[in-house]
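Below you'll find the structure, written out as structure tokens, and then a few comments.
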Amino acid sequence: VETCQMIKRASFWLYMIWATFLSAAGLAIISQGTPMALEACPETEMGTVATIVGLLSIFNGLGRVMFGVLFDKLGRFMAMLFGGILFILAMFFLLGALENHSLSILIIAYIMTGLAYGCVTPTNSAFVNAYYGRKNYPVNLSVVNMNMLVASMGSTMAGAIYDITDSYTAIIWIVIVLISIGTVMSCFIRKPMVRK
């Protein structure tokens, strides 16, 4: 499929909403990872906090492998749905960590967040290949990856929201809304019929 044809399809735009919202959500949480951890567990040493925040990156990498396998084994629908649900659950764990000042809940939340955020990158390439073919794959994938241009505002917006509300809870609830919208949109993606 040529790029000009791809961008005319509803499947492309629904996917872009999902990828943009989940990427923005991931970047919002990652950008606030250290101060959020310090607020959740104020008595924790900085070295421990740095290690806990590092879990986001470690499990982001593992999540890419995990969701690549999920896409291959269960298909696009289940991989994207599982990514959204895992992300939402991670946010509720994060809310729990902030409310209860629990280090163990925070660790679980960051592991789950890293895994869930890791679902976007492998799904981008698998989705483009499965839905639009190999002929124009390099250009089509580059266009789909442009979701990061908009998603990169997630970290800036998270900082601005915190400055206005003085609360990480507000950021987390906005992230939950974004992920929920993206996940619902992903359920409407349909693979176009290929004419023989």
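The values are calculated or read from the model by the stated rules, or taken from the named source; none is laboratory data. Just so you know, these numbers come straight off a predicted model, no measurement behind them. When we count neighbours, we look across all protein chains shown, and the Cβ atoms used for this are built from the backbone with ideal geometry, even at glycine. What goes into the accessible areas is simple: the full protein's heavy atoms, side chains included, and nothing from ligands, DNA or RNA. Shrake-Rupley method; radii C 1.70, N 1.55, O 1.52, S 1.80 Å.
Take the Cα of GLU45, step 7 Å along the line toward its Cβ, and report every residue of region 97-111 whose backbone nitrogen sits under 20 Å from that point. Within reach of a label on GLU45: 102-107.
For region 113-127, no residue has its backbone nitrogen under 18 Å from a point 7 Å from the Cα of VAL177, taken along Cα to Cβ.
In this structure ARG190 has an accessible area near 150 Å², from a 1.4 Å probe over the protein heavy atoms. 3J(HN,Hα) along region 181-186: 4, x, 5, 4, 4, 5 Hz, from the Karplus curve 6.51 cos²θ - 1.76 cosθ + 1.60 with θ = phi - 60°, whole Hz, x for Gly and Pro.
Could you work out how far helix 153-165 tilts from the main Cα principal axis of the chain, as a 0 to 90 degree angle to the nearest 10? With rounding to tens, the tilt is 40 degrees. In this calculation the C-beta distance from THR165 to ASN145 is compared with R0 = 25 Å, giving a FRET efficiency of 0.20. Against the chain, whose longest principal axis is taken from its Cα atoms, helix 46-74 shows a tilt of about 20°. Solvent-accessible surface (1.4 Å probe) assigned to GLU45 amounts to roughly 130 Å². Note on LYS135/SER57: beta-carbon distance plugged into 1/(1 + (r/R0)^6) with R0 of 30 Å gives a FRET efficiency of 0.30.
Sequence-distant contacts, meaning Cα pairs under 8 Å at least 6 residues apart, place the relative contact order of the chain at 40 percent. Ordered from highest to lowest accessible area with the whole protein assembly present and a 1.4 Å probe, LEU94, LEU86 read as LEU86, LEU94.
Each Lys and Arg contributes +1 and each Asp and Glu -1, all at the Cβ; summed about the Cα centre of the chain, the dipole is approximately 1600 debye.
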